[in-house]
Structures are given as C-alpha cells and as structure tokens.
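To keep things clear, I will list the structure first and then write my remarks on it.
What follows draws every value from the coordinates through simple rules; no lab data is involved. Worth saying up front: this structure is predicted, and the values here are computed from it rather than measured. So basically every Cβ, Gly included, is an ideal-geometry build from the backbone, and we count neighbours across all protein chains shown.
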Amino acid sequence: MMDNLELKRRDSFLNLYLKPAINEVYIRLLYPKSPKTSSAKIPTDSERLSPI
C-alpha cells in the first residue's frame, strides 16, 4: 500500500492513512490484540454500519 501511495515513511502511512481508516471502520484488524500483525479485513457495507 505504501508503494501505491508513494510513501517512504511507515509512521506517515500509519498516522495519515491506516489509523484513520481503522477508526472509521473502513478496515478492521483481524487480530486487534496483536497490533503488529499485518492482517486486516475490509468489512462489507453491513458490517461497517454496525458497531464493532
């Protein structure tokens, strides 16, 4: 993803793109207790509308 956005710094990617997407439930972590895992899930519209 970082390559597609032409970002070089991981912290910029996390703060500008990934964390806001997680907060708005565009992306849901598969393992929320393990923040260093790279697994993520893009929820369907019905999952996005319902609270976690």
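Descriptive notes on the structure:
- Nitroxide proxy distance, nm - points 7 Å out along Cα→Cβ at TYR26 and LEU14: 1.9
- Our coupling estimate for the stretch 14-29, obtained by passing each phi through the Karplus curve with A = 6.51, B = -1.76, C = 1.60 and θ = phi - 60°, is 4, 6, 8, 10, 6, 4, x, 5, 5, 5, 8, 6, 7, 10, 10, 6 Hz, Gly and Pro reported as x.
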